[in-house]
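The values are calculated or read from the model by the stated rules, or taken from the named source; none is laboratory data. Bear in mind that the values here come from a model prediction, so they are computed numbers and not experimental data. Heads up, the Cβs are rebuilt from the backbone with ideal geometry, glycines too, and the neighbour counts pull from every protein chain shown.
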Amino acid sequence: MPQNLELSSSKLILIGEDDIDDQEFLKEIFSSLDASFIIVFTTNGMGILNYLDTCNDGDMPCLILLDYNMPGLTGLEILKELKSRKRFHKIPKIIWSTSRSANYRDICLEMGANEYLVKPSNVNDLMQTCRQILDTCFPKKEA
């Protein structure tokens, strides 16, 4: 993540995820790691854009987590749209996908994703991934 990125002080994470089971897992794990975070889910790409369009500048999420394959707009299409809107440049964006494709990863990073994570296949790895996601909102200061 770029050093000069000014992160939001909000503890809200906006997640685009159309799989209800994945939503439940994420909600449960994030709550167990830090219950002070507010998690907002949308099940399609337009929901992400609509939510962001209604946010005041001071109420922006500290992070946007996007499933690569969503109905309406894919995670990549959302990244392209957000890249064209200066208002959203400072919000870290993470794509998470079942694909390990280096091509998908490179394109997403080029379009503004801060990270491209492969969805874990077990609970322990999911817990570690969620810790990494939370650290993106509030990175630990290096000594």
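For region 73-80, the criterion of being surrounded by 12 or more Cβ atoms within 10 Å (Cβ to Cβ), in contact (Cβ under 8 Å) with a residue 40 or more places away in the chain, within 21 Å of K11 (Cβ to Cβ) and out of contact with any His (no Cβ under 6 Å at 6 or more places or on another chain) is met by none of the residues. Annotation for region 118-141: at least one member residue is touching a strand residue (DSSP E or B) at 6+ places or on another chain (Cβ under 8 Å), within 16 Å of G16 (Cα to Cα) and not in a helix (DSSP H, G or I). Tell me whether region 95-116 contains one or more residues that are of a type in the set (V, I, T) and at pLDDT 95 or above. Among the residues of region 95-116, at least one is of a type in the set (V, I, T) and at pLDDT 95 or above, which makes the answer yes. Of the residues in region 82-102, not one is more than 15 Å from E17 (Cβ to Cβ), free of Cβ contacts under 8 Å to residues at least 24 places away in the same chain, in contact with a strand residue (DSSP E or B) (Cβ under 9 Å, 6 or more places away or on another chain) and part of a helix (DSSP H, G or I). Scanning region 81-108 for residues that are of a type in the set (D, E, K, R), in contact with a helix residue (DSSP H, G or I) (Cβ under 9 Å, 6 or more places away or on another chain) and surrounded by 16 or more Cβ atoms within 10 Å (Cβ to Cβ) yields E81, K93.
Within region 65-72, can one find any residue that is loosely packed, with under 15 Cβ neighbours inside 10 Å and within 21 Å of I38 (Cβ to Cβ)? No, region 65-72 contains no residue that is loosely packed, with under 15 Cβ neighbours inside 10 Å and within 21 Å of I38 (Cβ to Cβ). Looking across L26, L79, L5, one residue alone is in a helix (DSSP H, G or I), closer than 16 Å to T136 by Cβ, at pLDDT below 95 and of a type in the set (A, V, I, L, M). It is L26.
All conditions in (1) assigned to a loop (DSSP other than H, G, I, E, B); (2) among the aliphatic types (A, V, I, L, M); (3) in contact with an Asp or Glu (Cβ under 6 Å, 6 or more places away or on another chain) hold for A35, with the sole exception of (3).
From the list M70, M46, the one residue that fits, being part of a loop (DSSP other than H, G, I, E, B) and closer than 19 Å to I20 by Cα, is M70.
Name the residue that is nearest to P139 (Cα to Cα), counting only residues in region 82-100 that are of a type in the set (V, I, T) and in contact with a Phe, Trp or Tyr (Cβ under 9 Å, 6 or more places away or on another chain). Going through the qualifying residues, I end up with I94.
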